[in-house]
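Worksheet: one structure, shown below.
The values are calculated or read from the model by the stated rules, or taken from the named source; none is laboratory data. From a predicted model like this one, the values you see are computed outputs, not experimental measurements. Here the Cβ is made from the backbone with ideal geometry for all residues, glycine too, and neighbour counts use every protein chain on show. These accessible areas exclude ligands, DNA and RNA; they are computed on the full protein's heavy atoms, side chains included. Shrake-Rupley method; radii C 1.70, N 1.55, O 1.52, S 1.80 Å.
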Amino acid sequence: MDMDPPFLETYKTLLDIATEGTNGHKEADIIEECELPLIDLGRLNLGNLEKEKCKSDIARESQEWGFFQVVNHGISREILEKMMSEQVEVYRQPFNKKSRELFNFSSGTYRWGTPTATCREQLSWSEAFHIPVDEIPFSNGFSSLSSTMEQFATTVAELAQKLAAILAEQLGFKSNFFQEKCLSSTCYLRMNRYPPCPTHSEVFGLMPHTDSDFLTILYQDEVGGLQLVKDGKWFAVKPSPEALIVNIGDLFQAWSNDVYKSVQHRVVTNPRVERFSTAYFLCPSYDTEIQSCYEPSVYKKFSFRMYRQQVQDDVKKLGRKVGLQRFLV
């Protein structure tokens, strides 16, 4: 009973075609390893000076890197470890069981590969459960997973709201915008698994992209594989077991009028070891209008629904997301 999705059979044609210039395209990049800026959120509970300094550090890294990692984030080690072990157990299920909607979620919750891929660079060698947070209370024989995911989502949601409020405040806005617009019915939890990949130098675990949300909070194992662009170069992020990774999404870049940066990132595959991670996406309702908080605005006003639709159209047509470029004034 195989638990891995049938990548090799399904994408045989893509993997067989040695398209000119793509062979081993990732090996050609000289990737430096970097440690993401680390912010100790415990400082938010200290004296006023230290608290304000911590907030401005959060804003600065969101401008300069678009990524940072946090410790003393309020999510217990126990919940994180439990989340990881429960997740591993689910992915150990046979593929045909996983793909038959293991949990009675809305269809499309379990995803693997890239159905729209037309070349190897567009193929993501990974599988995921992408679950709306308000669908998490399920059992279906996985009640322990369900309650762990609920605990994880609740505590991480609080953290996401806290960080969003700080980022708004640093731009001069005391804002309830995120609390009003980003509810559990619109946010997502995504459990990722990246199986070992025999053609690892030519295929991504997750192809280069930016996130289409306000904020993403990621908990990952120690295998590594996350890479991001900084100053036009790709860097490999060194995993840090105690930390959660936070990154800015497209909506926050638009809302902040390009002050905060939503940067390209990707996951590379590993020939021998599988990798696991869990991501929380802070998203608004589809009707939410995204409008820059400063004038003159870099972007046209758009709803999250319009944005999602445009991304889907571009992926279908071009095989990749164009993103915020489409909404420039």
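Quick notes
- Partner aspartates and glutamates for LYS230 [C-alpha distance under 15 Å; skip if fewer than 8 residues away on the same chain]: ASP29, GLU32, GLU33, GLU35, GLU61, GLU64
- Projected label distance in nm at ALA236 and SER201, using a 7 Å step from Cα toward the beta-carbon: 1.4 nm
- Taken along the Cα-to-beta-carbon direction at a fixed 7 Å, the label points for THR10 and VAL273 span 2.6 nm.
- Scalar couplings 3J(HN,Hα) for region 68-78, obtained by applying the Karplus form with A = 6.51, B = -1.76, C = 1.60 to θ = phi - 60°, are 7, 10, 10, 10, 6, 8, x, 9, 5, 3, 4 Hz; x denotes Gly and Pro.
- Share of carbon and sulfur in the accessible heavy-atom surface of region 29-326 [1.4 Å probe, %]: 49 percent
- Acute angle (nearest 10 degrees) that the helix 48-64 long axis makes with the longest principal axis of the chain, alpha-carbon atoms: 50 degrees
- Within the listed set ASN247, ASN270, ASN45, the residue fluctuating most in the Gaussian network model of the chain (springs between alpha-carbon atoms under 10 angstrom) is ASN45.
- With a Förster radius of 35 Å applied to the beta-carbon distance between GLN325 and MET3, the computed FRET efficiency rounds to 0.35.
- Note on LYS181: lysines with a C-alpha under 23 Å away, same-chain residues under 8 apart excluded, are LYS55, LYS162, LYS261, LYS300, LYS301.
- Tilt relative to the chain, helix 304-318 - C-alpha long axis, 0 to 90 degrees, to 10: 30 degrees
- Restricting the calculation to Cα atoms, region 33-87 shows an Rg/Rh of 1.08 when the hydrodynamic-style radius is the Kirkwood one.
- Relative contact order (%) - criterion: Cα under 8 Å, at least six apart; region: region 29-326: 22 percent
- Summed over the residues of region 29-326 and divided among them, the accessible surface reaches 43 Å² per residue at a probe radius of 1.4 Å.
- For the listed peptides 113-119, 79-85, a ranking on the average number of other beta carbons within 10 Å per residue, highest first, reads 79-85, 113-119.
- Tilt relative to the chain, helix 143-170 - C-alpha long axis, 0 to 90 degrees, to 10: 40 degrees
- Gaussian network model of the chain, springs between alpha carbon atoms under 10 Å - residue of GLY249, GLY224, GLY108 with greatest fluctuation: GLY108
- Charged neighbours of ILE136, selected by a Cβ distance under 14 Å, balance to -3 (K, R count +1; D, E count -1).
- The amide H of ILE39, built 1.01 Å from its N in the peptide plane, has GLN69, VAL70, VAL71 as neighbours under 5 Å, considering only residues 5 or more places off or on other chains.
- FRET efficiency, 1/(1 + (r/R0)^6) with R0 35 Å, evaluated for LEU46 and SER175 via beta carbons: 0.90
- Considering only region 29-326, percent of DSSP beta bridges that pair antiparallel, nearest 5: 85 percent
- Subset of LYS97/LYS233; LYS82/LYS238; LYS82/LYS316 violating a 30 Å alpha-carbon distance limit: LYS97/LYS233; LYS82/LYS316
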